[in-house]
1. Go through (1) closer than 21 Å to residue 70 by Cβ; (2) among the basic types (Lys, Arg); (3) at pLDDT below 95 for residue 39 and report which single condition fails.
2. Among (1) farther than 25 Å from residue 260 by Cα; (2) modelled with pLDDT of 85 or more, which single condition is residue 15 missing?
3. Working only within the stretch 205-245, note down all residues that are among the charged types (D, E, K, R) and either crowded, with 16+ Cβ neighbours inside 10 Å or at pLDDT below 90 (or both).
4. Can you pull out the residues in the stretch 186-225 that are farther than 28 Å from residue 259 by Cα and basic (Lys, Arg)?
5. Return a yes/no flag: does the stretch 58-68 have any residue that is touching an Asp or Glu at 6+ places or on another chain (Cβ under 6 Å), of a type in the set (Val, Ile, Thr), within 28 Å of residue 211 (Cβ to Cβ) and not in a loop (DSSP other than H, G, I, E, B).
6. Run residue 63 past the list (1) surrounded by fewer than 20 Cβ atoms within 10 Å (Cβ to Cβ); (2) within 26 Å of residue 291 (Cβ to Cβ); (3) not aromatic (Phe, Trp, Tyr) and report the number of the one that doesn't hold.
7. Considering only residues that are aliphatic (A, V, I, L, M) and either touching a helix residue (DSSP H, G or I) at 6+ places or on another chain (Cβ under 7 Å) or more than 12 Å from residue 112 (Cα to Cα) (or both), which ones fall in the stretch 69-90?
8. Under 6 Å between Cβ atoms, which residue pairs at least 6 apart in sequence (or on different chains) link something in the stretch 244-265 that is touching a residue at least 24 places away in the same chain (Cβ under 8 Å) and at positive phi with a partner that is surrounded by 13 or more Cβ atoms within 10 Å (Cβ to Cβ) and in a loop (DSSP other than H, G, I, E, B)?
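The values are calculated or read from the model by the stated rules, or taken from the named source; none is laboratory data. Keep in mind that what you see is a predicted model, and the values were worked out from it rather than measured. Every residue, glycine as well, gets a Cβ built from its backbone with ideal geometry; the counts of neighbours run over all protein chains shown.
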Amino acid sequence: MAHAAPADRIVGAVRGRAGAVLLVGAGGAVFEVTADAIRQVTTGGVATTLPGARSDGADGVLAVGDKAPAYRWHHGSWSATPVRRAGHALLGVGKVPTLAVGRRGYVWSGEWTELVPALPAEPLALESSAPRAVIALLPRNRLVRHDGRVWRALAAPRPRSDLTTLLVGDAGPVLAVGADGSLTIVGGKRPTSVLVPATLAGFRAQAAAGGGKRPLYLVGSTGGTTRLARLDGTRLVAVSPAPPLTPGDRAVALLSYSEGRLVIALAQGTLLTRDAAGAWTAAQLPEAAAAAAVAPPAANPPASVGPAPRAP
């Protein structure tokens, strides 16, 4: 008999100070992981279950539940960052934080700036590497880019299966992921399919890191094995395999450091670190901390004080 996958304990990871990693729990708990210890640096308090979390582009964390508002963790506590819209909410990927609430898109720069006009449809995923270069994946494999004024259609791939999400590292290229695991480089004049070798057959990409002057790495799984891959032009190259997954686990974040270190955060509370020489180490949240990661919060945090979201 099939068993249901366990609920996520960890939904995101961002770089902390002095090489530390901040893990964000589904209930809003934040843990700091260093070479010496794992300590909880805040409790919950977002009054919702978080499906994901990401860096705010500085020294904080942004997260959102199924609906607005979004939340920001900064200096040890959460605050709400409201927008004047209602509807399904999702966070984007990429260097610049983005948010969609229904058909409305926003860019973060200490506050949410609304992109006008509204999107043609409610997006499945958002990506931004610059404030005036936001890409949205829409239903039926449509891609649009906001150029600072309007949304314009991009050349979209014709995949074997529906596109489900967008992935990008710290800097391009942008990858569209198909439901069958296929990868396509998008955002340019024409989409380009990524060749996946037999050594990565069945690979399902879950997170990306690097790019630009550093290699773009992807983490995902094949069966019950965590797999790490590197994009080499338009070809995916297998990198030494990581330790095996426990049933129902998955990668929720991948971090890349300039010295060659890579960090993979898994949903059930494991942090895998690969040093520049290719050796892996693992750190696991203690059971009490893992339980705290999903503990239901008591109430919403206070709304941020400041101007309302504005149009660019």
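1. (1)
2. Answer for residue 15: the failing condition is (1).
3. Passing the criteria: 213, 214, 227.
4. Across the stretch 186-225, the qualifying residues are 189, 190.
5. Checked the stretch 58-68: no residue is touching an Asp or Glu at 6+ places or on another chain (Cβ under 6 Å), of a type in the set (Val, Ile, Thr), within 28 Å of residue 211 (Cβ to Cβ) and not in a loop (DSSP other than H, G, I, E, B).
6. If we test residue 63 against (1) surrounded by fewer than 20 Cβ atoms within 10 Å (Cβ to Cβ); (2) within 26 Å of residue 291 (Cβ to Cβ); (3) not aromatic (Phe, Trp, Tyr), just (1) comes out false.
7. 86, 89, 90
8. Cβ pairs passing all conditions: 248/6.
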